[in-house]
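The next block holds one structure in the form of structure tokens; read it before the comments.
The values are calculated or read from the model by the stated rules, or taken from the named source; none is laboratory data. Small disclaimer: the values here were computed from a predicted structure and weren't measured. Note that each Cβ is placed from the backbone with ideal geometry, even for glycine, and that neighbours are counted across all protein chains shown.
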């Protein structure tokens with residue numbers, strides 16, 4: 001019996017240790033742009049899910065096989081931010097270089113932003129996508145936290161981009177923006193599978209459970225010695 005209790009204690013400790021590790025990260029959102037299905041191979045939106053077109057002609061959403069050489073990194077749809085004026089885009093007076101923004105509540109902490117990027121042409125200064133995070137007290141697109149530069153080895157590659165940043169908690173609401181840069185020629189960078197994670201979440205409850213599991217292990221050992 002003592003041997004079984006020891007095994008259970010070890011299993012419990014391992015389980016709770018795993019809980020502590022997983023509790024130290026929390027996904028804020030994950031979006032691969034599948035929420036609204038296009039009615040044609042590509043369309044331009046002023047609002048798409050939690051994203052709003054904050055500048056330019058709009059958010060261009062393409063589906064698999066829109067282009068013969070690339071499909072979505074995840075699912076069936078992906079974004080191009082050097083957008084066309086057709087099929088929902090704004091007309092003259094608005095640049096094809098477009099931006100999309102979502103607003104969310106963030107507390108103080110360390111965050112990791114991951115997204116997949118692919119250039120359409122790969123030419124210098126053509127397929128840029130700049131990333132901004134602005135608090136409510138800042139102007140929109142005033143604090144750049146990262147950029148994808150548009151260079152490529154093969155135009156069929158999706159490239160994982162990771163940006164780690166700190167939030168000091170001065171503001172409650174923060175605007176995350178992806179914005180096209182470089183030449184405005186309707187041939188832009190592609191974006192898919194965006195995930196924002198807080199990576200320093202405290203886990204006092206999980207730590208308490210871990211201590212409980214280790215305590216059970218110690219009791220089992222004492223009982224084994226007594227027998």
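Does residue 91 count as surrounded by fewer than 17 Cβ atoms within 10 Å (Cβ to Cβ), closer than 30 Å to residue 199 by Cα and assigned by TED's automatic domain parsing to the domain that holds residue 182? Here the answer is no, as residue 91 does not meet what is asked. Only one of the listed residues (145, 129, 59) is without any contact (Cβ under 8 Å) to a residue 60 or more places away in the chain and surrounded by 21 or more Cβ atoms within 10 Å (Cβ to Cβ). That residue is 59.
In the range 188-209, the condition of being surrounded by fewer than 19 Cβ atoms within 10 Å (Cβ to Cβ), part of a loop (DSSP other than H, G, I, E, B) and modelled with pLDDT of 95 or more is met by at least one residue. Checking each residue in the range 160-185 for being surrounded by 15 or more Cβ atoms within 10 Å (Cβ to Cβ) and under 15 Å from residue 149 (Cβ atoms) picks out 161, 163, 178, 179, 180, 181, 182, 183.
Just to be sure, is residue 102 outside any strand (DSSP E or B) and surrounded by 15 or more Cβ atoms within 10 Å (Cβ to Cβ)? In short, no. Is it fair to say residue 155 is touching a strand residue (DSSP E or B) at 6+ places or on another chain (Cβ under 9 Å), at pLDDT below 95, surrounded by 22 or more Cβ atoms within 10 Å (Cβ to Cβ) and within 22 Å of residue 185 (Cβ to Cβ)? No. Residues in the range 132-142 that are at pLDDT below 95 and within 15 Å of residue 179 (Cβ to Cβ) were compared, and the one that is surrounded by the most Cβ atoms within 10 Å (Cβ to Cβ) is 138. Condition check for residue 60 on (1) in a loop (DSSP other than H, G, I, E, B); (2) more than 15 Å from residue 158 (Cβ to Cβ): one failure, at (1). Looking at this structure, is residue 136 under 30 Å from residue 37 (Cβ atoms) and either over 19 Å from the mean Cα position of the chain (by Cα) or assigned by TED's automatic domain parsing to the domain that holds residue 46 (or both)? No, not satisfied.
Each residue in the range 23-39 was checked for being more than 19 Å from residue 117 (Cβ to Cβ), in contact with a strand residue (DSSP E or B) (Cβ under 8 Å, 6 or more places away or on another chain) and assigned to a loop (DSSP other than H, G, I, E, B), and 5 pass. The test for being in the same structural domain as residue 71 (by TED's automatic domain parsing) and within 18 Å of residue 32 (Cα to Cα) does not hold for residue 120.
Within the range 105-126, the set of residues being crowded, with 19+ Cβ neighbours inside 10 Å and part of a strand (DSSP E or B) comprises 111, 113, 115, 116, 117, 118.
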